[in-house]
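Beneath this line is the structure, given in structure tokens, with notes to follow.
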Ligand SMILES: C[S@@+](CC[C@H](N)C(=O)[O-])C[C@H]1O[C@@H](n2cnc3c(N)ncnc32)[C@H](O)[C@@H]1O
């Protein structure tokens with residue numbers, strides 16, 4: 001198995017948030033080469049293509065699970081300027097910081113309470129963070145709290161994870177409770193066409209009420 005494939009499998013096999021954090025810390029320096037260059041990771045651009053349809057360029061944006069800043073690169077290219085990066089892994093955030101894309105950096109874990117004010121952000125974007133063994137479905141409770149009414153939460157989600165890890169139930173229950181409404185859902189696409197063609201994602205966009 002190629003080294004890049006081994007590293008991707010290795011993060012999926014984490015057994016706790018601490019273990020995942022350590023593995024991403026160790027992967028940080030090679031992440032862009034493994035995922036963006038070798039695997040042709042396209043979810044950051046696909047999510048940005050949806051994002052620009054719903055969110056204006058002055059928005060105060062949280063990139064949740066920002067990693068090394070691949071989403072930040074797409075957003076800045078699209079004209080956004082007010083970006084905050086949040087991630088579990090300090091090593092990944094350090095890589096993002098070196099690119100001069102974000103105004104602030106926050107080491108925090110999705111799934112627990114977030115140290116941000118209610119209605120702090122106009123929009124949240126999360127790419128590649130809602131997947132096997134990563135941020136749980138209940139992360140959206142806090143993300144909806146910190147997003148202004150009328151703001152957007154836009155994310156990529158593995159199609160199999162939607163069914164198997166409680167996302168379908170969480171997303172539907174938040175719609176039924178009038179916390180958010182679906183604004184857009186893309187067709188399924190292969191986010192890693194060169195590395196893991198068997199993985200399929202969709203981009204989801206919700207408007208917070
Ligand atoms: C596959 S990477 C995606 C990074 C970036 N968004 C991208 O598209 O390249 C997943 C990121 O989610 C972070 N992560 C995993 N679980 C998390 C959690 N519970 N809270 C915050 N970040 C988390 C990891 O540290 C890692 O940087």
Count - residues of the range 107-132 that are within 9 Å of the ligand (Cβ to nearest atom), free of Cβ contacts under 8 Å to residues at least 24 places away in the same chain and assigned to a loop (DSSP other than H, G, I, E, B): 1
Residue in the range 167-180 that is closer than 30 Å to residue 2 by Cβ, out of contact with any strand residue (DSSP E or B) (no Cβ under 8 Å at 6 or more places or on another chain) and either without any contact (Cβ under 8 Å) to a residue 60 or more places away in the chain or part of a helix (DSSP H, G or I) (or both) present: no
Hey, residue 128 modelled with pLDDT of 95 or more, at positive phi and crowded, with 16+ Cβ neighbours inside 10 Å or not: yes
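Being in contact with a helix residue (DSSP H, G or I) (Cβ under 9 Å, 6 or more places away or on another chain), more than 9 Å from the ligand (Cβ to nearest atom) and either in contact (Cβ under 8 Å) with a residue 24 or more places away in the chain or assigned to a loop (DSSP other than H, G, I, E, B) (or both): is that true of residue 35 here?
Details: in contact with a helix residue (DSSP H, G or I) (Cβ under 9 Å, 6 or more places away or on another chain): yes; more than 9 Å from the ligand (Cβ to nearest atom): no; either in contact (Cβ under 8 Å) with a residue 24 or more places away in the chain or assigned to a loop (DSSP other than H, G, I, E, B) (or both): yes.
Spelling it out, it is not the case that residue 35 is in contact with a helix residue (DSSP H, G or I) (Cβ under 9 Å, 6 or more places away or on another chain), more than 9 Å from the ligand (Cβ to nearest atom) and either in contact (Cβ under 8 Å) with a residue 24 or more places away in the chain or assigned to a loop (DSSP other than H, G, I, E, B) (or both).
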Boolean, residue 138 is surrounded by fewer than 20 Cβ atoms within 10 Å (Cβ to Cβ), in contact with a strand residue (DSSP E or B) (Cβ under 7 Å, 6 or more places away or on another chain) and over 22 Å from residue 50 (Cα atoms): no
Single unsatisfied condition, residue 76 versus (1) more than 11 Å from the ligand (Cβ to nearest atom); (2) buried (at least 16 other Cβ atoms within 10 Å of the Cβ); (3) assigned to a loop (DSSP other than H, G, I, E, B): (3)
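The values are calculated or read from the model by the stated rules, or taken from the named source; none is laboratory data. The shown structure was predicted, so the numbers you read here are calculated from the model rather than taken from an experiment. Ideal geometry is used to build each Cβ from the backbone, glycine not excepted, and the neighbour counts take in all protein chains shown.
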